[in-house]
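Data block below; observations after.
What follows draws every value from the coordinates through simple rules; no lab data is involved. These numbers were taken from a predicted model, which means no experiment stands behind them. Every residue, glycine as well, gets a Cβ built from its backbone with ideal geometry; the counts of neighbours run over all protein chains shown.
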Amino acid sequence: MYVSQDIAECIARAAHDQGKILVFTNGCFDILHLGHVTYLESAKKLGDILIVGVNSDASVQRLKGTTRPIIPAPDRARLISALRAVDYTCIFEEDTPLRLIHRLQPDVLVKGGDYTPNTIIGADVVQARGGRVVVLPFLQGQSTTRIIERICTVYSISVPPYHKQ
């Protein structure tokens, strides 16, 4: 379910009160693909409730360039929340989810394979309260960038400039 940050914070508090393990991850999730689905399914297995932070459109533009996102944030959040593995999504405006991590206080913080535990934003917040940080491997060959490049190749159009993350 796509919820506001205020509602996500209430859900997180209730989860903690009930002794449930709250898992948090985040991303742009611009064009949903198998890598995203596999990653989110693996994240869900690490706890009881999975909340996914979705970068706002302005945040994605700052991170990926002005040709992104392809899909608007509310649509991306709704698509991600429709996955069986995902319990809740919420949108954040900043370039990193640090403020949201402070609000939610997850028990498990998850990121993809291009990170190391010491480079994950918010790892210190989670670990300070006894939580853990997990790096999940990428599914090879799966990325939004590859999908965009493939579409451009198939339709013989030039690939737009963007920043790879």
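Give me the distance in nm between label points sitting 7 Å out from Cα along the Cα-to-Cβ direction at residue 96 and residue 20, one decimal. Rounded to a tenth, the inter-label distance reads 2.8 nm. Close Lys pairs in the chain (alpha-carbon distance under 14 Å; sequence gap of 8 or more, or different chains): 5.
Is region 1-54 best put as rounded, prolate or oblate by its Cα gyration tensor, with a ≥ b ≥ c the root eigenvalues, rounded for a/c under 1.5, and otherwise prolate when a/b is larger than b/c, oblate when not? It is oblate, given that a/c is not under 1.5 and a/b is not larger than b/c. For the chain, the calculated P(r), taken from all Cα-Cα distances in 5 Å bins from zero up to the bin holding the longest distance, is 1, 9, 18, 22, 22, 14, 7, 4, 2, 1, 0 percent.
Listed from fewest to most Cβ neighbours within 10 Å, the set 88, 155 follows the order 155, 88.
Summarising the amide proton neighbourhood of residue 2: residues at separation of 5 or more, or on other chains, whose placed amide H is nearer than 5 Å comprise 89.
Modelled this way, with points 7 Å down the Cα-to-C-beta line, the labels at residue 119 and residue 155 are 3.3 nm from one another. Phi angles of region 75-80 translate, via the Karplus equation with coefficients 6.51, -1.76, 1.60 and θ = phi - 60°, into HN-Hα couplings of 5, 4, 5, 5, 4, 5 Hz per residue; Gly and Pro are given as x. For region 5-154, with the dipole built from +1 on Lys and Arg beta-carbon atoms and -1 on Asp and Glu ones, taken about the Cα centre, which of 59, 133, 154 lies farthest toward the positive end? It is 154, whose Cα lies furthest towards the positive end. Please give the FRET efficiency for residue 147 paired with residue 41, using the beta carbon to beta carbon distance and R0 = 25 Å, rounded to the nearest 0.05. Using R0 = 25 Å, I get an efficiency of 0.80.
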